[in-house]
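Undergrad: Below: one structure in structure tokens.
Where a number appears in this text, it was derived from the coordinates with a stated rule and is not lab data. What you see is a predicted model; the values in this text were computed from it and never measured. Cβ: placed from backbone, ideal geometry, glycine included. Neighbour counts: every protein chain shown.
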């Protein structure tokens, strides 16, 4: 089950001779084989590695149109998605347009009542408000009919999106690095990252009051661009690494009241905020606003300059996040019950499809993600939104699978469907809920066969008796922030004797184990490791954990800043 990577070749090791063995190996596995490449990765440079935004296809046209609207005080509508990519994107563009003295308004659709993307009702609302230019953030690329409608009633639309396009909408300008004909050097931005690039492009083309904005001011917007880049799970390489790294630096000293209050209720030390804090503590609370409440609450929290309002909104997000956890856990239990029934009836299908009219679509992405990880196969879950339309989320479960390819191969089952290779969303006609599993599994069987073996887990190095976790952490943190395309290094701890196995948390969902090298029970040799939501993350492997047993562990070494007492901890990510 566990493997260690092969040693790096002699030529690469010689090229990286200034680095210790572990750092050199980690760099080589990420594709950096020269000292120059390694330094560029370890020391991201804003000046050298942020590309000219005007090189992105259609960006000059979009930037000039917005600059013209700013100058003429034309009413601009900023339409952003309701997740922790669209909301921060809407916030940073709000801050930019406010700084530029523009005439604008922000619009975020209600997830449950309006659904994803542009809709006719919302467009009519903006038209009645005098809007004649809509800028989309993290949405719009699939909204051909809605964009055509907006254009037909005198509203220009600039689409900025990072999702995979099909037929392009008939917008004034489409800015999506994944569209055909794109030649820019980097194409993996999240929605808010692309919105930040548009703001930079507008500053570059200029407008009447451009000189009132200090040179470099746009760096302050990186708190929101970095937050979304980390939360939206785009590859943290290239420009995204720079945006994420500098974004964390800005977040740590940001005067944004809403961020300060959100850190407080989430028990995150803002001064040392990390990508884990963003992914596990901050982003879920922002996402909870749309899943269980109103997304504008999160937007208002991050844009307010009123401390009382920030305090009230942060506490409201904390409250609904707790409600989201409870509701999500209930859906997960129900899904597991259905899967247990399926297993009793025979093997699970290659594509898992489950649904329930009582399931709230906004919760299903989280559940689909955990099921896809657990069962290592594509998962499609659906529920019903306020309009009555069955909607859902899907996750690939394996890197060889694309949910977008699956949905395209079974396109007659969907009203709408799209997203990334690893994750997506969809809506269905009522009669398709009964045939969706069959159609997706037929589609899966019809697609060209790739290597569909279950993912193997690799260790970057072994952790042996006498190793210092603190010393290893110093080496590991040089490569942070971690995320897609830059995974957190994993260490193999072989044949340890389990001294203590305990469960903690409100429902006993988290695991703590104490262990020592096999055959050695001296107190000084005892190490500790934890795993959050262990049964979900580690599955049946947790059944092997009994005091006195011998086990092999795969662990991450990370900094524990809970309760503002920084320390080093091991987190179990695999059991053998």
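Undergrad: Counting other beta carbons within 10 Å of each residue's own, what order do 503, 196 fall into, fewest first? Could you put the intermediate results ahead of the total?
TA: Numbers: 503 14, 196 31.
Ordered by Cβ neighbours within 10 Å, fewest first: 503, 196.
Undergrad: What order, most packed first, do the peptides 129-141, 209-221 have when packing is the mean number of other Cβ atoms within 10 Å of each residue?
TA: Values: 129-141: 24.2, 209-221: 13.7.
The packing order, highest mean first, is 129-141, 209-221.
Undergrad: Given a cut-off of under 8 Å on Cα pairs at least six residues apart, what relative contact order in percent is computed for the chain? Don't skip to the end; give the middle numbers.
TA: Details: 1127 pairs, mean separation 69.3, N = 576.
This gives 12 percent for the chain.
Undergrad: Rank these for me by crowding, 54, 313, going from fewest to most other beta carbons within 10 Å. Don't skip to the answer; put the middle values down first.
TA: On the way: 54 16, 313 23.
In increasing order of surrounding Cβ atoms, one gets 54, 313.
Undergrad: I've got another one for you. For segment 244-265 and segment 469-497, what is the centre-to-centre distance using only Cα atoms, to the nearest Å?
TA: 25
Undergrad: For 42, 381, what's the fewest-to-most ordering of other Cβ within 10 Å of each Cβ?
TA: 42, 381
Undergrad: For segment 457-575, what size does the Cα cloud have along each of its three principal axes, sorted from largest down, in whole Å?
TA: Its Cα atoms span 36, 34, 31 Å along the three principal axes.
Undergrad: I'd like the projected area of segment 256-331, averaged over all directions, using the convex hull of its alpha carbons. Report it in nm² with one decimal. Write out the running numbers ahead of the final one.
TA: Values: hull surface 18.7 nm².
Spelled out: convex hull of the Cα atoms, projected over all directions, averaged, 4.7 nm².
Undergrad: Using Cα pairs closer than 8 Å and at least 6 residues apart in sequence, work out the relative contact order for segment 53-215, in percent.
TA: Numbers: 325 pairs, mean separation 49.5, N = 163.
Once normalised by length, the contact order is 30 percent.
Undergrad: In percent, what relative contact order does segment 457-575 have, based on Cα pairs under 8 Å that are 6 or more apart in sequence? Write out the running numbers ahead of the final one.
TA: Details: 220 pairs, mean separation 32.3, N = 119.
Relative contact order comes out at 27 percent.
Undergrad: Pairing the Cα long axis of helix 307-345 with the longest principal axis of the chain, what angle in degrees results, from 0 to 90 and rounded to the nearest 10?
TA: Around 60 degrees separate the two axes.
Undergrad: Separation of segment 287-327 and segment 3-41 by C-alpha centroid, Å?
TA: What the calculation gives is 44 Å, centre to centre.
Undergrad: Additional query: Calculate how many DSSP beta bridges within segment 347-446 are antiparallel, expressed in % of all such bridges and rounded to the nearest 5.
TA: On the way: 16 of 20 bridges.
Approximately 80 percent, going by the DSSP bridge assignments.
Undergrad: Between residue 280 and residue 533, with labels modelled 7 Å along Cα→Cβ, what's the label distance in nm to one decimal, could you check?
TA: Output for this residue pair reads 1.1 nm.
Undergrad: Looking at the chain only, what percent of DSSP beta bridges run antiparallel? Nearest 5 please.
TA: Numbers: 43 of 72 bridges.
Taking every DSSP beta bridge within the chain, about 60 percent pair in antiparallel fashion.
Undergrad: Taking the Cα atoms only, what angle lies between the long axis of helix 364-375 and the longest principal axis of the chain, rounded to 10 degrees?
TA: 30
Undergrad: Please determine, in degrees from 0 to 90 and to the nearest 10, the orientation of helix 436-446 with respect to the longest principal axis defined by the Cα atoms of the chain, where the helix direction is its Cα long axis.
TA: It works out to around 70 degrees.
Undergrad: Now for a separate question. Can you divide the C-alpha Rg of segment 53-215 by 2.2 N^0.38 Å and report the result to two decimal places? Intermediate values should be presented prior to the final figure.
TA: On the way: Rg = 14.3 Å, N = 163, 2.2 N^0.38 = 15.2 Å.
Dividing the Cα radius of gyration by 2.2 N^0.38 Å gives 0.94.
Undergrad: How large is the helix-only mean residue ellipticity at 222 nm for the chain, computed as the sum of -39500 (n - 2.57) over DSSP H runs with n ≥ 4, divided by its residue count, in deg cm²/dmol to the nearest 500?
TA: Working: 20 runs with 226 residues, N = 576.
Rounded to the nearest 500, the figure is -12000 deg cm²/dmol.
Undergrad: If I stretch the segment between residue 438 and residue 333 completely, what's the gain in nm (0.36 nm per residue apart, minus their alpha carbon distance), one decimal? Spell out each step's value before the answer.
TA: Numbers: separation 105, 0.36 × 105 = 37.80 nm, distance 2.36 nm.
Going from the current span to full extension adds 35.4 nm.
Undergrad: I would also like to ask the following. Please work out the C-alpha center-to-center distance from segment 348-391 to segment 129-204 and express it in whole Å.
TA: Distance between centres, Cα-based: 28 Å.
Undergrad: Need the full-extension length gain, residue 103 to residue 506, defined as separation in residues times 0.36 nm minus the C-alpha distance. One decimal, nm. Don't jump to the answer; show the numbers that get you there.
TA: Values: separation 403, 0.36 × 403 = 145.08 nm, distance 4.85 nm.
Roughly 140.2 nm would be gained on extension.
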